[in-house]
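In what follows, a single structure is set out as structure tokens and then discussed.
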Amino acid sequence: MSTARVAPMSEAQLQAWRTSRAEAGTPFPATSGDRRQEAVTVTVDGVEVGGAVLEYADELVTAGGTRCAVRVLQTTLPRDADDAWTVAIKALEDHVIASGATVLTTAVAPDLAAAFGRAGYRATMTTVGKRLDPDTAPELQEDRRVEVREMDSDERARFVADVGEQLRAGMARAGVADASTPGLADLDDRLAGLLADRPPPMELLVMGTVDGVPVGRAWATLVEVDGGLDFHGNTIDLFPEHRGQRLTPSFLGALRRHVHEIGVRDVHLRVYGHDAGARRTFLDAGAGIEDVHLRKDL
């Protein structure tokens, strides 16, 4: 049986790692609010195999204690080294428990999700994505019942009134965050910004319609990355009375044509872990799984 150890990283090693990642175009994530980061080394069977950046949130979680997120996990361990991953994950857990954490979260590549699943982690969200070529016309789609247009001010007001509770309830059910987590205050600030006469230019708010009748809504944030424009979906849903009519694929197709016109390159959507139907719909539309978000109550 392998053994593993997690220990604080030296300042010199941390600076070298920070510089290496910055030069590779993958800098350390920034912290927000009162959260604090800690860099650690991971050693398996006496050999240092990589490091991790841990972020501790000061807010309490429902189970008591603090929430810790593995923001970066970089190791040389093969994905199929089951025994090594088992002990490395356990060593990470022991380390954060000693720091007072009772919840550990992370996001990993799909081929590593099974190792965490065996260690008792459950999927809270899945990020799916698709590369679009702005220079190529959108793929043909026979079902074009749904069209999209920008929300008007009244529709934005109704959307903001509805979506805050909807997102909080979804995150609580999935285990992404607890409904009362103070860290979700930034969500309220973002939603308030959508009510301005001129919403932030990179926030995309559209209605899906069939013969002029609204059937659903979508909210996405556009992000400039390496000279391209990426679409990060926040919510995409149909109104209850229009579900069960196979309108979702048509809605996605209409969105695809719309974002093509504004030059979007990559589409990223996060799907709650319990929403297998939505995940299947996106995968059927040609998206691939980018990462899996996981949680374990320690």
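3J(HN,Hα) along region 285-298, derived from phi through the Karplus expression 6.51 cos²θ - 1.76 cosθ + 1.60 where θ = phi - 60°, amounts to 7, x, 7, x, 7, 8, 7, 10, 8, 10, 9, 9, 7, 7 Hz, with x in place of Gly and Pro. Does region 76-124 classify as rounded, prolate or oblate by the C-alpha gyration tensor (a ≥ b ≥ c root eigenvalues; a/c under 1.5 gives rounded; else a/b over b/c gives prolate, otherwise oblate)? Oblate, because a/c is 1.5 or more while a/b does not exceed b/c. For the chain, the solvent-accessible area with a 1.4 angstrom probe is 51 square angstrom per residue. Within the chain, antiparallel bridges make up roughly 85 percent of the DSSP beta bridges whose residues both belong there. With labels modelled as points extended 7 Å from the Cα through the Cβ direction, what inter-label distance (nm, one decimal) is found for Leu283 paired with Gln37? Between Leu283 and Gln37, the label points sit 3.3 nm apart. In a reduced charge model with +1 at each Lys and Arg Cβ and -1 at each Asp and Glu Cβ, the chain shows a dipole moment near 520 debye about its Cα centre.
So for the chain, taking the charge dipole from beta-carbon charges (+1 Lys/Arg, -1 Asp/Glu), which of Pro201, Thr76, Ile236 sits furthest toward the positive end? The Cα lying farthest towards the positive end belongs to Thr76. One Cα centroid belongs to region 74-148, the other to region 15-44; the line between them spans 19 Å. For the chain, the longest principal axis of the C-alpha atoms and the axis of helix 11-23 are separated by about 30°.
Starting from region 73-176, pick out the GluC sites (Glu not before Pro) whose DSSP state is loop and whose Cβ has at most 10 other Cβ atoms within 10 Å.
The qualifying sites are Glu142.
Quick one: net charge of Gly228's neighbours, Cβ under 9 Å, K/R +1, D/E -1? Computed value for this residue: -3. Normalised by the number of residues in region 67-121, the mean separation of alpha-carbon contacts (under 8 Å, six or more apart) gives a relative contact order of 56 percent. How high is the FRET efficiency from Ala22 to Asp83, r the C-beta distance, R0 30 Å, rounded to 0.05? Here the calculated transfer efficiency is 0.35. The distance between label points at Ala114 and Glu142 comes to 3.6 nm (points 7 Å beyond Cα on the Cα→Cβ vector). Using C-alpha pairs under 8 Å with a sequence gap of at least 6, the mean separation divided by the residue count of the chain gives a relative contact order of 23 percent.
The phi torsions of region 187-196, fed into the Karplus equation with coefficients 6.51, -1.76 and 1.60 and a -60° offset, translate into couplings of 5, 4, 5, 5, 5, 4, x, 6, 8, 4 Hz, rounded to whole numbers, with Gly and Pro shown as x. A dipole drawn for the chain from +1 and -1 charges on Cβ atoms has a positive end, and of Ala220, Thr26, Leu294 the residue lying farthest that way is Leu294.
Report, to the nearest 10°, how far helix 153-174 tilts away from the longest principal axis of the Cα atoms in the chain, using its own Cα long axis and a range of 0 to 90°. Value to nearest ten degrees: 30.
Using only DSSP helix segments of four residues or longer, with each worth -39500 (n - 2.57), what per-residue ellipticity at 222 nm results for the chain after dividing by its residue count and rounding to 500? About -10000 deg cm²/dmol.
Here the chain is treated as an ellipsoid with the same Cα gyration tensor; its semi-axes, largest first and in whole Å, are 38, 21, 19.
Once backbone amide H atoms are built at 1.01 Å from N, Val49 has Val42, Thr43, Val44 as its partners under 5 Å, excluding neighbours fewer than 5 places away on the same chain.
The values are calculated or read from the model by the stated rules, or taken from the named source; none is laboratory data. Nothing here was measured: the structure is a model prediction, and the numbers come from that model. Positions of Cβ are backbone-derived with ideal geometry, glycine not excepted, and every protein chain shown enters the neighbour counts. Surface accessibility is based on the protein's heavy atoms, side chains included, excluding ligands, DNA and RNA. Shrake-Rupley method; radii C 1.70, N 1.55, O 1.52, S 1.80 Å.
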